[in-house]
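Single-structure report; data block below.
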Amino acid sequence: MKVLEIEHVTKKSGRRTLVGDMSFDIMQGDVCGFVGPNGAGKTTLIRMITGLIRPEEGRIRIEGFDVQRDRMKALGQVGAIVESPIFFPYMSGRDNLLNLVKLHANIPKEQRKARVDEVLNIVGLASRGQDKVKTYSLGMKQRLGIAQALLGNPKLIILDEPANGLDPMGIRELRNLILELNEKHGITFFVSSHLLDELQRICSRFVIIKEGRLVWQGTQEEWQHIAGSSSLEDHFVEMMTS
Amino acid sequence: MMQLLQSDWQRMWKRKKTFVSMLIFVGIVVLDCLFLMMQNLGAFDNVSTVPLTAQNFSLFLLKEVSFFLVLIIGPILMIDSFNGEYHGGQLRLVLIRPISFMKLFAAKWINLAVIMAMFLVATFAIGELFGHLFKPSVDTVVFLNPDRSYSPAGAFMYCLESYGLFMLIILAQLSLTGLICTVMPSPIICYLGWVGVALGTVYVSDTFSFLMFGMSAIFQWMAGSYTHALLMPVFVCMVLGFACTMLWWNRRNWVK
Amino acid sequence: MTALLHSEWERLWKRKIVWLFLIAIPFIIIATAKYYMGRNLVVPLGNPEHTTAENFAVMAMIEQLIVVFNVVALILLTLSFTEEYRSGQLRMMMLRAYSSTQIFWAKWMAFALMMALFFVVYLLTAVAAGYILFPSAPQQVLFYYDHAVPNGDMILYTLGYYGMAYATIVGMASVFIGIGVVSRSSTAAIGLGMGFLLCSLGYPLIFDLSNRVLGLGLPVMLKYLSLSEIQFSGIAVMMSDAEALKHLHAGIWMICVIAGYTAVLMTVSRLIFTKSDRWI
């Protein structure tokens, strides 16, 4: 079943095309890596998927709901980190989540606190929940970012460069968390990153873009097959420079 | 909508600035009360004065504190809410939820209106308290129009109506600031934008000078000597500013 | 140091707000002229408030100094000190081979030069608008003058007025810099700066009232401890040529007040700016 459908999406800034006629689908249960060099249009597309900006052409559907026309229903299925998660620094991590959980109509009032504690537990921040966000390390902020993405019981989580600034231990924790959420809770992931090595360990599918256009999409096995004896990294560099 | 209101209300009060503004404002109101207590006359302008009494004290108190509300506390709270959260990138966490942008703006507008009303209620309550404690009570009160005198109950309603009018002016400011905060890029520029609009209108047309000199307009309007329309331009600013900003929020690109 | 000043100037110059203000100057002048044209209908010739081609530049400064120039100074300084200081942009400067004291003074000088530019552009625009929009008068009646002055002296008076107005802005800037370096956010800096301005405007009223009601008998010049009062009426008093005011030595007193504000607040601000380790 398709969780995310991108159909001929185009976004321009003046005469420059940021994303051009892009189409691909993400299926339920996928952990999909979204790969491309800096400035390829990854964040622009993620902003469009999360309804922050509008495409000039094309459609984006989440669980069958059009993000532009049926924004509330479409985004009800999504949790996201767009760029780095910037929290309200004057509130504790728990208060940030308590504030944001109110915006999910599918979580009844009496279950809000329990849901916040549950997601704090999932990301391993239960013991630091009461501390102000400004005292958190970058890794903790990323984990809190995932916690806020989990709040509304999403079917799809979109992560934009989630490993940015994380140390190797933080990256490993994040990887395990994604795999656990995918396996245990059946959540679909769409993860943009530069760290191809890291994506290789968690992603079943890849979408590769360059200069705002789709270059290739398929499963990891398919990519490995076309890369032949070269590593995926070498093949990726080859795709980007050709 | 209720959840949006609650969530924004909570964030507003968690910002230290809101609480500190409230404290500073109460301090200013009390200092202004002390300043007024030293005087025997309340001045409507450079020429017209009346004796300060328990019945008109709160009205003159509002005149003293109105500039703090219009030029400092109001714009700062409004800009922090309409532009500061977005400029700082924190609002993105709210924008990616299943909410309507129009309702989000409406929630912010309503919450700010409630907070500004709280500032006015505090001013009125403190004014009435100080007035009745430290100024003589009289049987008849005259305001700017010497031909109309009021009983204590009438004077109370007169002051209340003046506060109500000032609240309407604040709401017009709120809608215009919302629009300025949507058009201008950063909180500092928004503030300059607001000062520019408030001051500029004084020079451009007397009809809109209530944005800067609200109390002067209210004094004259209540006395029946205001030569321009007041309610119409106030509602035009309020409704047009609100509607334009709301539609803009629905159509805009949120790139921060 | 010259390179540092150049770099500060360049960053300030690249800000939209500088251009916005420069573009706004002609509009401000036109709005002010429109206001004085209306006033001229009720203020007779021979009254110092009557605007002529020769005195319009001074009248335009009197009208806009307190609000427009103070607010622009506050905003420029908030951008330069609070915003760069709190957002971490200053780190880029701190990593270079300059001390924080040098950065502090370079910022101040860049601001002072920018304001000087604004004053010059404002003066030139006002002079041009004065001659275009107002009728000329053979001699000028000035505030706190026992006699009218010829137009030649009016040029010197205008330059003197702008010079003193500029000095008050530099004095006011020292307060805004103090507020700027202790404020944790730009909006807080602006709020506190505007609060200072309003309190400064209110102080003379409270001073006069307490002096009268409580019978304190304090010297009248203490009113000019307020920088905005110096801007409002002090400059004209300082430049007066009336026998009745000569014994007050207003000029010396007000220059001392401005110098006092500048010395104390710049010293304290520099200490906070350089000793604080709250680099983000």
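Straight-line reach from A:LYS73: taking Cα to Cα under 13 Å and skipping same-chain neighbours fewer than 8 places apart, the aspartates and glutamates in range are A:GLU63. Which aspartates and glutamates have a Cα lying under 18 Å from the Cα of A:LYS113, excluding residues fewer than 8 positions away in the same chain? Qualifying aspartates and glutamates at Cα under 18 Å: A:ASP95, A:ASP131, B:ASP8.
Counting only Cβ charges, +1 for Lys and Arg and -1 for Asp and Glu, the dipole size of the protein assembly as shown around its Cα centre is about 1360 debye. Note on the stretch A:3-151: Cα Rg divided by 2.2 N^0.38 Å, N the number of residues, gives 1.15.
In the elastic network of chain C, a GNM with C-alpha springs shorter than 10 Å, the most mobile of C:SER80, C:SER174, C:SER136 is C:SER136. Based on the convex hull around the alpha carbon atoms, chain C presents an average projected area of 16.3 nm².
Selection among C:THR2, C:VAL58, C:SER233 by position relative to the dipole of the stretch C:2-279 gives C:THR2 as farthest towards the positive end (Cβ unit charges, Cα centre). With the gyration tensor restricted to C-alpha atoms of the stretch C:140-280, the semi-axes of the equivalent ellipsoid amount to 32, 20, 13 Å, longest first.
Here the protein assembly as shown is treated as an ellipsoid with the same Cα gyration tensor; its semi-axes, largest first and in whole Å, are 56, 32, 24.
Translational diffusion of the stretch C:102-191 was estimated from the Stokes-Einstein equation, with Rh taken as the Kirkwood radius over Cα pairs; at 10 °C and 1.306 mPa s the coefficient is 100 µm²/s. In this rough spin-label picture, where each label sits 7 Å from Cα along the Cβ direction, the B:VAL138-C:TYR144 distance is 3.7 nm.
Would you calculate a helix-derived [θ] at 222 nm for the protein assembly as shown, using -39,500 (n - 2.57) for each DSSP H run of n ≥ 4 and dividing by the full residue count, to the nearest 500? Mind dumping the intermediate values first?
Numbers: 31 runs with 450 residues, N = 778.
The per-residue figure over the protein assembly as shown is -19000 deg cm²/dmol.
Here's the picture: charge each Lys and Arg Cβ at +1 and each Asp and Glu Cβ at -1 in chain A, and of A:ASN106, A:THR10, A:PRO154 the one pushed furthest to the positive end of that dipole is A:ASN106. Hydropathy first: keep DSSP H helices in chain B averaging at least 0.0 on Kyte-Doolittle, then drop any whose Cα extent along the axis falls short of 20 Å, and list what survives. Qualifying helices, which must be both long enough and hydrophobic enough, are B:16-37, B:101-134, B:152-183, B:187-204, B:231-251.
Bridging of B:LYS16 to lysines at a Cα separation below 18 Å is possible for A:LYS132, A:LYS134, B:LYS108, once same-chain residues fewer than 8 apart are set aside. Efficiency by 1/(1 + (r/R0)^6): what FRET value for A:MET1 and A:SER84, r their Cβ-Cβ distance, R0 = 41 Å, to the nearest 0.05? Plugging the Cβ-Cβ distance into 1/(1 + (r/R0)^6) gives 0.85.
Given a Förster distance of 51 Å, report the FRET efficiency between B:VAL121 and A:GLN224 from their Cβ-Cβ distance, rounded to the nearest 0.05.
0.15
Just so you know, the Cα atoms of the stretch A:200-242 work out to an Rg and Dmax of 10.1, 28 Å. Ranked for footprinting exposure by Cβ neighbours inside 10 Å, fewest first, B:THR177, B:THR207, C:THR267 give C:THR267, B:THR207, B:THR177. Couplings 3J(HN,Hα) for the stretch C:42-54, derived from phi with the Karplus relation 6.51 cos²θ - 1.76 cosθ + 1.60 (θ = phi - 60°), are 10, 9, x, 4, x, 8, x, 7, 6, 8, 10, 4, 7 Hz, where x marks Gly and Pro. Backbone amide hydrogens, once placed in the peptide plane, bring C:ASP241 within less than 5 Å of C:TYR145, C:ASP146, excluding anything fewer than 5 places away on its chain.
For the stretch C:2-279, the Cβ-based charge dipole about the Cα centre amounts to some 1160 debye (Lys, Arg positive; Asp, Glu negative; other atoms uncharged). The value of relative contact order for chain A, using C-alpha pairs under 8 Å at least six residues apart, is 26 percent. Database remark: amide H of A:ARG213 closer than 5 angstrom to the amide H of A:GLY20 (H placed geometrically; neighbours at sequence offset of 5 or more, or on other chains; Pro and chain starts carry no H). Across the stretch A:94-173, the convex hull enclosing all Cα atoms gives 96 Å³ per residue.
If you model the stretch B:3-66 as an ellipsoid using its alpha carbon gyration tensor, with each semi-axis the square root of five times an eigenvalue, the axes come out at 34, 12, 9 Å, biggest first.
For the residues of A:84-91, the average number of beta carbons from a partner chain within 10 Å of their own beta carbon is 5. Under DSSP H, which helices of chain C have Cα atoms covering 15 Å or more of the helix axis and a Kyte-Doolittle average no less than 1.6? Sorted by number, the helices that extend far enough and score high enough are C:100-133. Residue separation of C:TYR131 and C:LEU218 scaled by 0.36 nm, minus their Cα-Cα distance, works out to 27.0 nm of gained length. Summarising the amide proton neighbourhood of A:GLU57: residues at separation of 5 or more, or on other chains, whose placed amide H is nearer than 5 Å comprise A:THR10. Largest first, the extents of the alpha carbon coordinates of chain B on the three principal axes equal 60, 36, 29 Å. In terms of overall dimensions, the stretch A:122-210 has a Cα radius of gyration and Dmax of 13.2, 42 angstrom.
Taken together, the values in this text are just the output of simple stated rules run on the coordinates, not laboratory data. Because the structure is predicted, anything quoted here is derived from the model rather than measured. No Cβ is skipped: glycine too gets one built from the backbone with ideal geometry, and neighbour counts run over all protein chains shown.
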